[in-house]
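Below: one structure, written as C-alpha coordinates.
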Amino acid sequence: MAWARAVSIAVLPLAAVSLSLAAWALTSGVDAPAARWLGLCIFMSLPALVLGHLITRRLPRQGVGALLGCAGLVILAVGCTDTYLAAAKASSALPVNGLWISLAQGA
(Lines give C-alpha, C1' and ligand atoms only; values in the text may rest on other atoms or scores of the structure.)
Protein backbone atom coordinates (compact mmCIF):
# COMPACT_ATOMS: atom_id res chain seq x y z
CA MET A 1 0.00 0.00 0.00
CA ALA A 2 1.37 3.38 -0.95
CA TRP A 3 1.78 6.06 1.69
CA ALA A 4 -0.84 8.30 0.08
CA ARG A 5 -3.52 5.63 0.33
CA ALA A 6 -2.56 4.89 3.93
CA VAL A 7 -2.87 8.57 4.86
CA SER A 8 -6.18 8.82 3.00
CA ILE A 9 -7.56 5.82 4.88
CA ALA A 10 -6.29 7.10 8.24
CA VAL A 11 -8.02 10.45 7.74
CA LEU A 12 -11.51 8.95 7.66
CA PRO A 13 -11.59 7.55 11.25
CA LEU A 14 -10.08 10.79 12.54
CA ALA A 15 -12.86 12.71 10.80
CA ALA A 16 -15.43 10.38 12.37
CA VAL A 17 -13.95 10.99 15.83
CA SER A 18 -14.09 14.74 15.26
CA LEU A 19 -17.70 14.54 14.17
CA SER A 20 -18.68 12.41 17.16
CA LEU A 21 -17.03 14.94 19.48
CA ALA A 22 -19.00 17.74 17.83
CA ALA A 23 -22.22 15.71 18.03
CA TRP A 24 -21.63 15.24 21.75
CA ALA A 25 -21.19 19.00 22.08
CA LEU A 26 -24.34 19.69 20.08
CA THR A 27 -26.43 17.42 22.29
CA SER A 28 -25.20 19.13 25.44
CA GLY A 29 -26.36 22.47 24.15
CA VAL A 30 -24.63 25.05 22.03
CA ASP A 31 -25.72 28.40 20.67
CA ALA A 32 -26.93 28.82 17.09
CA PRO A 33 -23.84 30.60 15.69
CA ALA A 34 -21.58 27.75 16.85
CA ALA A 35 -23.89 25.19 15.28
CA ARG A 36 -23.91 27.15 12.01
CA TRP A 37 -20.10 27.37 12.12
CA LEU A 38 -19.93 23.59 12.49
CA GLY A 39 -22.30 23.13 9.55
CA LEU A 40 -20.18 25.43 7.41
CA CYS A 41 -17.00 23.56 8.34
CA ILE A 42 -18.62 20.22 7.50
CA PHE A 43 -19.83 21.64 4.19
CA MET A 44 -16.34 22.92 3.33
CA SER A 45 -14.49 19.78 4.39
CA LEU A 46 -16.62 17.11 2.73
CA PRO A 47 -15.45 17.70 -0.86
CA ALA A 48 -11.80 17.53 0.15
CA LEU A 49 -12.31 14.39 2.23
CA VAL A 50 -14.29 12.57 -0.45
CA LEU A 51 -12.10 13.62 -3.37
CA GLY A 52 -8.93 12.80 -1.48
CA HIS A 53 -10.20 9.31 -0.76
CA LEU A 54 -11.40 8.78 -4.34
CA ILE A 55 -8.12 9.97 -5.85
CA THR A 56 -6.00 7.69 -3.69
CA ARG A 57 -8.36 4.81 -4.31
CA ARG A 58 -7.94 5.18 -8.06
CA LEU A 59 -4.27 6.29 -8.03
CA PRO A 60 -2.69 5.03 -4.77
CA ARG A 61 0.65 6.78 -5.28
CA GLN A 62 -0.71 10.26 -5.92
CA GLY A 63 0.14 12.49 -2.98
CA VAL A 64 -2.49 15.05 -3.91
CA GLY A 65 -5.22 12.73 -2.61
CA ALA A 66 -3.55 12.47 0.78
CA LEU A 67 -3.04 16.23 0.91
CA LEU A 68 -6.68 16.87 0.04
CA GLY A 69 -7.79 14.48 2.77
CA CYS A 70 -5.54 16.16 5.34
CA ALA A 71 -6.78 19.61 4.32
CA GLY A 72 -10.37 18.46 4.75
CA LEU A 73 -9.54 16.97 8.13
CA VAL A 74 -7.98 20.23 9.35
CA ILE A 75 -11.06 22.22 8.34
CA LEU A 76 -13.32 19.70 10.04
CA ALA A 77 -11.19 19.51 13.19
CA VAL A 78 -11.17 23.30 13.59
CA GLY A 79 -14.95 23.47 13.34
CA CYS A 80 -15.48 20.54 15.70
CA THR A 81 -13.04 21.90 18.27
CA ASP A 82 -14.59 25.36 18.18
CA THR A 83 -18.06 23.88 18.62
CA TYR A 84 -16.94 21.69 21.50
CA LEU A 85 -15.24 24.59 23.29
CA ALA A 86 -18.31 26.79 22.80
CA ALA A 87 -20.51 24.07 24.29
CA ALA A 88 -18.10 23.50 27.17
CA LYS A 89 -18.16 27.22 27.91
CA ALA A 90 -21.97 27.19 28.07
CA SER A 91 -22.30 23.94 30.02
CA SER A 92 -20.18 22.45 32.77
CA ALA A 93 -21.12 18.89 31.74
CA LEU A 94 -18.36 18.66 29.12
CA PRO A 95 -14.79 18.05 30.29
CA VAL A 96 -12.16 20.55 29.21
CA ASN A 97 -8.41 20.31 29.65
CA GLY A 98 -6.18 23.39 29.72
CA LEU A 99 -3.68 21.74 27.39
CA TRP A 100 -6.42 21.08 24.85
CA ILE A 101 -7.50 24.73 24.95
CA SER A 102 -3.90 25.82 24.38
CA LEU A 103 -3.47 23.46 21.44
CA ALA A 104 -6.80 24.51 19.94
CA GLN A 105 -5.75 28.15 20.01
CA GLY A 106 -2.63 27.27 18.03
CA ALA A 107 -4.63 25.39 15.41
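Structure notes:
- Accessible surface calculations at 1.4 Å, restricted to protein heavy atoms, place the chain at 60 Å² per residue.
- Element breakdown for the chain at a 1.4 angstrom probe: carbon and sulfur atoms account for 70% of the accessible area.
- Placing a pseudo-label 7 Å from each Cα along the Cα-to-Cβ vector at residue 61 and residue 12 gives an inter-label distance of 2.3 nm.
The values are calculated or read from the model by the stated rules, or taken from the named source; none is laboratory data. None of the values given here were measured: they were computed from a predicted structure. Every residue, glycine among them, receives a Cβ derived from its backbone with ideal geometry; neighbour counts consider all protein chains shown. Note: areas computed on protein heavy atoms with side chains; ligands, DNA, RNA excluded. Shrake-Rupley method; radii C 1.70, N 1.55, O 1.52, S 1.80 Å.
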